[in-house]
Structures are given as structure tokens and as C-alpha cells.
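Below you'll find the structure, written out as C-alpha cells, and then a few comments.
Read-outs throughout are calculated quantities, based only on the coordinates presented, and are distinct from any laboratory measurement. Keep in mind the model is a prediction, meaning the values are calculated, not measured. Here Cβ is always computed from backbone atoms with ideal geometry, including for glycine, and neighbour counts include all displayed protein chains.
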Amino acid sequence: MSHRSRLTLTALALVAAGAVAPMAQASGFQLKEQSASSEGNAFAGVSAGGNDISTMFFNPAGLTQYSGMQFVMGGTLIAAKAEMSDATGTRNAYFGAFNQSYLPISPNSPASYGNSAVAKAAPNVYGMYSFSDDLKLGLSINAPFGFVTEYDSNYVGRYHALKTDLMIIDVAPSLAYRINKEWSVGVTFVARYADATLTNAVDFGLIGFPNTIPGTLDGSAKLTGSTWAYGFKAGVTFQPTDDLRLGLAYHGAMDMTLKGKIAFQYPGNTPAPALAGFQAMGFKDGGGSAELNLPADISFGFDYKVSSTFSLQGEVSQTTWSRFKVLDAKLSDNVAPQVTDVITEEHWRDTMFYSLGGTWKLSPALTLRAGLALEQGAVPDGYRTPRIPDGDRTWASIGASYAFSKALTLDFGYTHIWVKDSVIELTTTGIPTPQNPNPDPNFTRGNLNGNYTMSANVVAAGLRYAF
């Protein structure tokens, strides 16, 4: 097999795998921000019943605390900052054996990159109908996962990532039943829709080597995909005294197969013979799919009424991101008949979330909240990518609720998140052979090193209405 054939196989494989891999991101791409009222105390105690019927997202059994017909509509704006510094990029040493000038990737690209994170809104809607004091029916619409990052076309890591835009929407009916004064149980059916648009640059100058020069014919690959999948949640609450309530909930894991298409954009200065050659190699629009293994989540919370005006809440949860061990990406035969299945190792790890919060009822109308939380990142050093600049997090939250009447309440929450500084250490050392044309995941993307500084501001607001 010629070196060009090896490069073709490798590049096609990495375009497919690289385009989908970004869907895994910091502390997953999970969005806990599903309740304006619980945002204020860093989601402490939300599994034990929270502050309103939005508890059904976290633990459906919590619905039995509430009466009548209720409606909650809210949204959260997540304004994250992810700044990269000391960035360097080089190609695999394999290419330097032909010409040392091929090794640097965009030596004139800036070593620092401003904010790559894009502000994202997460809406949520909840409704509850009471069949009786003990039997409740709920319906929720949420965006439980999502992330957007975007880089300029001259970014030194552009072969690893340009744009990542993931949206997941859940439509979930819930049923809760109070067994007795102490115990309640609940279940939720989840219908989940996922939609992703993912792009990265393609070095057609490298793929066409030696007849073209690396870095002189940059194009791009764009993968779009969507799918529906179905799952469940279940939970229980236990109230041993009038002042203490406990909650335990489980969100089932879910496997999704995103199906869509891959499209290539060639640079305007591509010579006609080279363009025909790239298409003959398999770089042409067609179908693609990827398997995405979403995690399970188990949480425990408590709510303890210390006095008539103050209560203390706590929450512990684990998310099983270790399910995301590999990414299985496939191209349709018309795109790349040589490559039909691409496995990329991810090596994610399970994460823990801990929060402690307090609620102060200053008057019948005004309630104040505050909370602190610690959250682990999911991606270990060595597997972090510019699509998913991951890191451990510290939360500080405040919030308030104001009841205009017994029927109408306005909720507000704010969180600042500090993210531990992290590093990008993506390396490529493999040498292609006829038996192994794809020696390592970053063979055609190159080495990428740099430092990330990150933080986020989260603002949530919601309205509650009781009939």
C-alpha cells in the first residue's frame, strides 16, 4: 500500500471519528441547570423534593409534596469562558522525514485563543395534575445535555475541532404515588431527541502529499446527525419526621445512534486534478453514523428544617461517564468504501457532585437561597480535546423567590463556576504501515499542546403558577 493510500484511509477514519467525538465533554455535557429555584442553592436537596414541581426532573417521587394543578416555565443562560494559551501544533514526525518544513502547523497562528465557548440557553417546562392527594401526573420538557464551542479557521488546533453544537431535548411524563405518610415512589418515561452539528478542518494538502504541500489546501468536514431514543427514571422519597425528608433517584443509561450525513468543503484554490483525486479517494458527501453511550446517574438528597424560617439541604450524585469508553463511528460505503467502522478510545471516568445549601424564608412572600458545590471533570489528562476543555469545578450559588400571590411566584438563581486550569496534551507518534494505516488517533491531526483557563456564569429565571 502506498503512503498516499495509507493517508487516505487514515484521514477518512479520523474525519469520521473526530467529527463525532466532541459530543463527550466536561463533566460530561450534562446540564444540571433544570430549575431556577434550585439553582439558588446549587441543587442541594433537589432529589429530596426541591422547591417546586421541577423536582420531577431529578426525582419524580418528589411530586407528592405538591398539590392541585401547577405549572412551571423557566430557562437558564449558561455563559461559559474557555481561553487557551501557550498553544502549539506540530505534525507527526513521519512527515518530517520527507520535509522538515512540513512539521509546524500554522507557525503564525496566535499562541493564545480567546473564548471558544458559546453562550447557551437551556429551557425547561413542567406541569403537574393531581388525581388525588396521593397520585400525581407530571410532564416535563428539558434540555439535559448540550454544549457549543467554536474556533476560528486559523486556530492551530483546527484539525482537532472547529465547531461543536450539541442539543438534546427530553420529553418526559412522570407518575408519583404516596404510599403512606413516610414513603413516596415515582417513575418517568423519557423520550430523548439529539441533534448535533460538528466540524473540523481537513488538511487536504497533507492528504495529497507529496503532490501538494501540508497546510496549503485546508478544507473542512461537517457531520450532522440526529436521532430519538427512550429511557426511564425512578425515585423514592422518605420522610421519617416532619422536619426531615430524604430522596434517592436513578436516571437510566441510554445508548443513542446518531444518523446523518458528512459533507466536505474543498478550498477554493484546489487544482481540478487534485479535486478529482480527493473525491476518488472517498472524500465526498454521504452518510454517517455514530454510537453515543450516555451515562446513568444516581443521586441522594436531604432537606432538614432547622427552624420555622431556615432549612438545610444537601445532595450527592454520581454520573457513570465510564460507560463512554470508545466511540464507534461509521461511514457509508459511498463515502469511504475502505473504512466502514472506526473505533476511538475515550477513557472517560465516573464523576461525583456534592452540594450543600440553605433556604431562608424571610416572609410569606420572600425566600432567599445560597449554596456551594464541588463537581469532578470526566476527561483525564491526555484525552482532553479542544472541543471538550474539561476540568473539576467549584460552584457558588445564590437565589430568591418572590410570591406575588398564592398562585404566582417568580424564581431567580445565579451561579458562578470556577473550573480548575487544565492542559491539552494530544500527541501523535505512530508510523503508518500496510497492516495499520491508522497508527494513532491524531496521526493526521497532529500534536496539540496548550493550557486552558475556564469559568462560567449561570443565570436562571422561572415562573410558577398554581391553579
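Once you reduce region 233-306 and region 184-201 to the center of their Cα atoms, the two points are 7 Å from each other. With 18 Å as the limit on Cα-Cα distance, the pairs of Lys163/Lys222; Lys261/Lys284; Lys120/Lys261; Lys32/Lys120 that go past it are Lys120/Lys261.
Normalised by the number of residues in the chain, the mean separation of alpha-carbon contacts (under 8 Å, six or more apart) gives a relative contact order of 22 percent.
The label point for Ser332 and the one for Thr453, both projected 7 Å from the Cα toward the Cβ, are 4.6 nm apart.
Each of Gln435, Ala80, Val125 was placed along the dipole of the chain (beta-carbon charges, centred on the mean Cα), and the one lying farthest toward the positive end is Val125. Helix 3-20 and the longest principal axis of the C-alpha atoms of the chain enclose an angle of approximately 10°.
Projected label points at Asn269 and Asn115, each 7 Å from Cα along the beta carbon direction, are separated by 3.4 nanometres. Using a simple spin-label model with pseudo-atoms 7 Å out from Cα toward Cβ, Asn211 and Ile179 lie 7.3 nm apart. How large is the helix-only mean residue ellipticity at 222 nm for the chain, computed as the sum of -39500 (n - 2.57) over DSSP H runs with n ≥ 4, divided by its residue count, in deg cm²/dmol to the nearest 500? It comes out at -2500 deg cm²/dmol, rounded to the nearest 500. For a 32 Å ceiling on Cα separation, which of these pairs sit above it: Lys325/Lys420; Lys233/Lys259; Lys259/Lys420; Lys81/Lys136? Distance filter (> 32 Å) returns Lys259/Lys420; Lys81/Lys136. Positive-end ranking of Ala111, Leu223, Thr351 along the dipole of the chain, with charges on Cβ about the Cα centre, is headed by Leu223. Rg and Dmax, both from the Cα atoms of the chain and both in Å, are 24.8, 80. Per-residue 3J(HN,Hα) values for region 218-224, derived from phi via the Karplus relation 6.51 cos²θ - 1.76 cosθ + 1.60 with θ = phi - 60°, read 7, x, 8, 10, 10, 10, 10 Hz in sequence order (x marks Gly and Pro). Rounded to the nearest 20 debye, the dipole magnitude of the chain is 420 debye, with +1 charges on Lys and Arg beta carbons, -1 on Asp and Glu beta carbons, and the Cα centre as origin. On full extension, the segment bounded by Leu366 and Val125 gains 84.5 nm, given 0.36 nm per residue less the C-alpha separation.
In the chain, the longest principal axis of the Cα atoms and the axis of helix 272-281 are about 60 degrees apart.
In terms of packing, defined here as the mean over residues of other Cβ atoms within 10 angstrom, the peptides 383-391, 194-202, 361-369, 84-92 line up highest first as 383-391, 194-202, 84-92, 361-369.
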